[in-house]
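Heads up, the thing below is written out as structure tokens.
The values are calculated or read from the model by the stated rules, or taken from the named source; none is laboratory data. These numbers were taken from a predicted model, which means no experiment stands behind them. Accessible surface is based on the protein model in full, side chains and every heavy atom, while ligands, DNA and RNA are left aside. Shrake-Rupley method; radii C 1.70, N 1.55, O 1.52, S 1.80 Å.
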Amino acid sequence: MNIMDFNVKKLAADAGTFLSRAVQFTEEKLGQAEKTELDAHLENLLSKAECTKIWTEKIMKQTEVLLQPNPNARIEEFVYEKLDRKAPSRINNPELLGQYMIDAGTEFGPGTAYGNALIKCGETQKRIGTADRELIQTSALNFLTPLRNFIEGDYKTIAKERKLLQNKRLDLDAAKTRLKKAKAAETRASQLNSARLEGDNIMVNFSYMLNFLHVKWLKIWAEEVTKSEQELRITQSEFDRQAEITRLLLEGISSTHAHHLRCLNDFVEAQMTYYAQCYQYMLDLQKQLGSFPSNYHCNNNQTSVAPAPSASSNVIGSSALTSASGLVTSPSNLIDLKECSGSRKARVLYDYDAANSSELSLLADEVITVFSVVGMDSDWLMGERGNQKGRVPITYLELLN
């Protein structure tokens, strides 16, 4: 029963405090009550914390979009995170594209130019997918997690203490208002008590009779003023204490900025590593596509090539080439061509786009003039077509007798 009484009294006290704060807040909004202003330093700290929270949320959300563009996947990861469970592994877009390319290249035939190129591209795409996965994991650990910890941890504590400071300020201003009203009432009671009625004896006697009530009234208001002053001292002390606690928390925002700066450096380093890996992968792929092995089968079946030993895979003459017209080129032809300064006619097997101005673009089935140049890479010849001249890859050519 005593516990029940205590709970009821506490509930009534809390309700009274809430009502007092609501009245004070409403009167402040209506301009009917004074408001205690926070000092400029504390206001600046509060503004800095709010600004940090807003921009941290924006940066965090946009980074999540950058790392995982699929909104459904982001929602799924969020749900698993809230359930404290590990999200199932999912193939990413570069890996999926790479697998499709490898499957297509296998279907077309690894011995064909297009099929082999697809397989090489697919393998590179899968390596890029692995690098992309590593970027996501590193960024989530070193960048997103610290930002999320600030929003869900430190800032929640700051917001809680800030709300408590607001309540203490309302309590302080409400106490000031009550003291002001008590003093005003006491002054009016004193004025009434000092007023003397003049007239016949009946009215005078009645005045003296009321005098006793006036004294009681003054005593009540004096007690009310004393109580209000004591309450004001308590609320002022609690407000000052809460303001100091809030200030100490807010001053930690500078440390938060320094920590986020280190996390940002880690994120930039992770991106730099990722893009450097992608660049190297694509550079290697470009070199591979620019110099096909000699054991390709032409897609249009105009030329067939027998398998060649790996030791001479960089030389187009490592196997006999037979064209639809019956023209034949043997290994000795190209060896002799590389060793002499004479020129020969060659038919282009595949289309080739020049990578730079030193190379010559080619069209399949056209006939050009080729010759060797001293010091040139063994995988290249110098080609001529009319007034155009440039390097051409020997794996795209069929030497004519």
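Counting only aspartates and glutamates at least 8 places from Lys120 when in the same chain, those with an alpha carbon closer than 15 Å to its own are Glu95, Asp103, Glu107, Asp284.
Using 25 Å as the Cα-Cα cut-off, could you pick out the over-long pairs in Lys48/Lys168; Lys156/Lys227; Lys53/Lys168? Cα-Cα > 25 Å for Lys156/Lys227; rest within.
Region 338-380 and region 91-138 have Cα centres separated by 30 Å.
The mean accessible area for residues of region 241-280, using a 1.4 Å probe and ignoring ligands and nucleic acids, is 62 Å² per residue.
The residues Tyr155, Tyr281, sorted by heavy-atom accessible surface at 1.4 Å with ligands and nucleic acids left out, run Tyr281, Tyr155 from largest to smallest. Inverting the pair-averaged 1/r between distinct Cα atoms of region 46-193 gives 20.9 Å as its Kirkwood hydrodynamic radius.
Calculated on the Cα set of region 352-401, radius of gyration then Dmax: 10.1, 30 Å. A cut-off of 5 Å between modelled amide H atoms, ignoring neighbours fewer than 5 places along the same chain, links Ser361 with Ala354.
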